[in-house]
Amino acid sequence: MRERFHQRSLDHQRPLSLVTMGFTVVAFLCTVTARELVGAPAGPLAYRLLCALLLALLVLAIPRAKSTALFGAIGVAYELVLIAGLVLNAKGLAHPLPWLLPAFVVIPICAAPLWLTPAHFVTGSVVFYAAAIALLRGKAHTPEVDAAVWTWLIAIGAPTAVVFHFGFYRFRRNHFLLESQLAQLAATDPLTGLQNRRSFVKHAQGRLETLAPGAQISAIFLDIDSFKSLNDRFGHAVGDHALFQVAQVLKDAVALYPSVSRIGGEEFALLLDNDLTGALQIAERLRLDIAAIERPDGHLTASFGVAEHRRGESFMMLLDRADEALLRAKQTGRNRVCAERALPFDALQSPFGDPSADPARYRWEDFYLISHFQPLYSLSHQKQVGFEALLRGEHDDGTLVPPVVMFAPKPSSDEGALDRASHAVHLGNARRALPGDAWLFLNILPSTFVAEGYADQLTKIVRAAGLEPERVILEILESHGGSVDEMSRAAARYRQHGFLIAVDDFGAGQSNLDRLLRIRPDLVKLDGELIRATTHGTQQPILPKLVSLLHQAGMLVVVEGVETADELILAVESNVDFAQGYLLGRPAAEIAPPDSVHRQIDDAFDVIAQGRAHQHALFESEMEPYRLELRRAADGLRAGAMMDDAFALLATFKRCISCFILDDTGRQIGHEVRGPAWCEDAASLQPVANPRDARWDHRPYFRNAVLLPGEAVTSNPYLSLASGRPCIAVTLAVQLASGRCVLGVELDWSARGLPWPAGE
């Protein structure tokens, strides 16, 4: 603590000492100048200027003084040089005392606060006063002068210096203790006395940044089992005591306080200078020690996850892998230690260069990893353009391992290693099975995607397989393991090598527009459920609007899960770029001929072309009576009829919500004439329910009517701000006596089965 205090004092005192001692150099030069103005002989000017130069050099050495001992030595040397300079300056004077005495009194007082430690102060003061007293005793003075001199030195100078030094020393010490206490409180969990999460992460990141090449470090993540039941059944006091006891076990297990933390709740983490094996042994010992802690209904238990740091990864990635291992420990029965094993597959050691290796099959646990490929079709080109590689497990007898078994969490499984191994297996099979101009879609976990250096490794594997990165589309899976910022930076690295990027399962899990806009994938694969999603009420599909939005953002769209002809037709009608699903081809080890699928896609285009014409005819026949009656209403208004009379017949039509007139700025003139579809309950958006408060010239139905004056224009369906229902507006721009106006009728289009415009 004392060493830390003195080092902290050095950091604080260095600027003050630099300024004070620098000012003293200037003051010394002033006395040299004044001495030159006195006629009496003086010591050589060069010696006095040399003293000033030495003082200046000692001042410049202060910022470079990293230890308190060196800082104190600079102070002692500075005082000795200063005394020498003062003596040289006073040499030759008949009465030197007036030149020396003020300096002998002032210098110790001014220097007193600058000494870092009492030892430095005593040493410097003794040296200074020894030199000063030796000089003063070498001169004979009258008794009155001697009395005054020794009074100034002993009664005033020395005591004042003592008071100044120890007063400032005490102030600095108290400030340091308060600062240390506040820092400790900010970094400590108050219940357990361990580091809190923020302090632990900061310390851990610092350790990883300074990690020596070849050094091994591991993280242990543990969670107390069934802790919530302890609080719920026996109270939080019992739970707090259990947390404190677990913390004591962890403290006893590690030598360094910063290596253990309470991450939050009942979760703890340790960072150890061990490899995976050593960390597993420590975790097992901790598990047994915690299992010896009693709770009212038995004994505490805890689950552990252990991971070893990999070159280039951040601490949070290391902690995430330990957390994944902890999750496996929870899922496989609790009260156990699970590890993320060392990679069984080295991505740099590609099997493609080894003639004896079979890249199509890779041994994994008690089965082989193989590839199945599912085709993706360009709907516009009506042909296969790519294949998604899907990982499968195969027993020695050729039977497939069920996916629920193959991908089930296991204590010994390493999801990242399986991901890397799958890439080599898929690439080896792709060069054998895929057409030469087809894309290969490779699934990749976010944690693998952001791993430092993996872009370079994967490029080597791709080229070793006889492919080019431009033919590979990396499909980022919907999973934990990397922040959006990390994935955005990683995507840039992969693009530099030529890879294309896709985001899988948009519309499920954590996917959102922000994620897409930050990563900027080349393709977006929509979750299969989106093709079946419809709007509330009208049951219209939302796929067309979603595809349009993604196209405007600069991304091509793949829709998955196409299983029926109707879904294929919807995909074509929605302007989807690529489609995938059981209707177009199931995953298989061998590529199936695409001819039948080509015919299905072509049939879908024919159905859409015929349906579009039929839909247009139905919609136009439904709209024509409204257009005709709106023109008659316009004729009546031009003839001078009142608004209610002009719209009387139109307002009786079944789907009419209201008839209205807008001026040339889009504001409503007068009242609206309500029709049968008007409903007070529908106008539930009370703050915006009154259309007369609004300006509507920004709406397409107003703009299109103005562009085509005299022609009744029908809008596309829109959500009415006033009624909250899907509506269609029929509008007509006319010239009335009061000026140009837009007449309109708003129709309720929320019922099922109504024809919609072909473009919708």
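Each value in this text was obtained by applying a stated rule to the coordinates, not by laboratory testing. Just so you know, these numbers come straight off a predicted model, no measurement behind them. Glycine gets a Cβ as well: all are built from the backbone with ideal geometry, and neighbour counts include every protein chain shown.
Largest first, the three principal axis extents of the alpha carbons in region 197-339 are 49, 29, 22 Å in whole numbers. Each of the peptides 313-322, 210-219 was scored by the mean count of other Cβ atoms within 10 Å over its residues; in descending order, highest first, they stand as 313-322, 210-219. With K and R counted +1 and D and E -1, the other residues having a Cβ less than 10 Å from that of Glu529 yield a net charge of -2.
How much net charge surrounds His381 when only other residues with a Cβ under 14 Å from its Cβ are counted (Lys, Arg +1; Asp, Glu -1)? Could the numbers behind the result be given before it?
On the way: positive: Lys383; negative: Asp437, Asp577, Asp602.
Neighbour charge sum, excluding His381 itself: -2.
Dipole size of the chain about its Cα centre, with +1 on Lys/Arg Cβ and -1 on Asp/Glu Cβ: approximately 3840 debye, rounded to the nearest 20. Backbone phi angles across region 323-338, fed through the Karplus curve with coefficients 6.51, -1.76 and 1.60 (θ = phi - 60°), yield HN-Hα couplings of 5, 5, 5, 4, 4, 5, 5, 5, 6, 9, x, 6, 6, 8, 10, 10 Hz in residue order; Gly and Pro are listed as x.
Averaging the inverse of every distinct alpha carbon separation and then flipping it gives the Kirkwood radius. What is it for region 161-272, in angstrom units?
Values: mean 1/r = 0.0609 Å⁻¹.
Kirkwood hydrodynamic radius for region 161-272: 16.4 Å.
Could you tell me which of rounded, prolate or oblate describes region 619-748, using a ≥ b ≥ c as the square roots of the eigenvalues of the alpha-carbon gyration tensor, with rounded for a/c under 1.5 and, failing that, prolate when a/b is larger than b/c and oblate otherwise? Rounded shape, in that the Cα axes give a/c under 1.5. Across region 550-633, the relative contact order, built from alpha-carbon pairs under 8 Å that are at least six residues apart, equals 26 percent. Excluding same-chain neighbours fewer than eight residues apart, the lysines reachable from Lys460 by a Cα-Cα span under 27 Å are Lys525.
Could you give the dipole magnitude of region 2-184 about its Cα centre, charging the beta-carbon of Lys and Arg +1 and that of Asp and Glu -1, in debye to the nearest 20?
400 debye
Along the axis of the charge dipole computed for region 354-592 (Cβ charges of +1 for Lys and Arg, -1 for Asp and Glu, origin at the Cα centre), the listed residues Ala490, Thr448, Phe506 are led at the positive end by Ala490.
Would you kindly work out the equivalent ellipsoid of the chain from its C-alpha gyration tensor and give its semi-axes, the square roots of five times the eigenvalues, largest first in whole Å?
For the chain, the ellipsoid semi-axes come out as 79, 44, 28 Å.
Taking 7 Å steps out from each Cα toward its Cβ at Leu736 and Arg612 produces label points 3.9 nm apart. Along Cα→Cβ, 7 Å out, is where each label goes; now give me the distance between the ones at Leu182 and Asp232 in nm to one decimal. Taking the two extended label points, one gets 4.2 nm. Highest mean packing comes first when the peptides 737-744, 633-640 are listed by Cβ atoms within 10 Å, giving 737-744, 633-640.
Can you give the FRET efficiency to the nearest 0.05 for Gln216 and Thr652, using r as the Cβ-Cβ distance and R₀ = 60 Å? Can you show the working numbers first?
Details: r = 85 Å, r/R0 = 1.41.
So the FRET efficiency works out to roughly 0.10.
Could you work out how far helix 68-90 tilts from the main Cα principal axis of the chain, as a 0 to 90 degree angle to the nearest 10? Approximately 50 degrees, to the nearest ten.
Relative to the present Cα-Cα distance, how much length would full extension add between Leu707 and Glu294 at 0.36 nm per residue of separation? It would help to have the intermediate numbers written out before the result.
Details: separation 413, 0.36 × 413 = 148.68 nm, distance 8.25 nm.
Separation in residues times 0.36 nm, less the Cα-Cα distance, equals 140.4 nm.
Modelled label positions at Arg173 and Leu70, each set 7 Å beyond Cα in the direction of Cβ, lie 2.7 nm from each other. Could you grab the relative contact order for the chain? Cα pairs under 8 Å, six or more apart, rounded to a whole percent. Answer for the chain is 6 percent. Only DSSP H runs of four or more residues enter the estimate; each adds -39500 (n - 2.57), and after division by the residues of the chain the mean residue ellipticity at 222 nm equals -15500 deg cm²/dmol. Express in % the proportion of alpha carbon pairs of region 11-163 at distances exceeding 18 Å. Of the Cα pairs, 58 percent sit more than 18 Å apart.
Bridges between two residues of the chain, per DSSP, are antiparallel at a rate of about 70%.
Per-residue extension of 0.36 nm, minus the Cα-Cα distance of Val122 and Ser483, leaves a gain of 124.2 nm for this segment.
Placing unit charges on the Cβ atoms of the charged side chains and taking the dipole of the chain about its Cα centre, the candidate lying farthest along the positive direction among Ala438, Ala247, Trp756 is Ala247. Using only the alpha-carbon atoms, how far is helix 236-253 inclined from the longest principal axis of the chain? Give it as 0 to 90 degrees, nearest 10. With both axes taken from Cα atoms, the answer is about 60 degrees.
Could you tally the net charge around Gly305, taking each other residue with its Cβ under 11 Å from the Cβ of Gly305, Lys/Arg +1 and Asp/Glu -1? Display every interim value, and only then the final one.
On the way: positive: Arg321, Arg328, Lys330, Arg336; negative: Asp223, Glu267, Asp320, Asp323, Glu324, Glu340.
Cβ neighbours under 11 Å give a net charge of -2.
Using Cα atoms only, what is the angle between the long axis of helix 2-37 and the major principal axis of the chain, expressed in degrees (0 to 90) to the nearest 10? Helix 2-37 sits roughly 60 degrees off the main axis of the chain.
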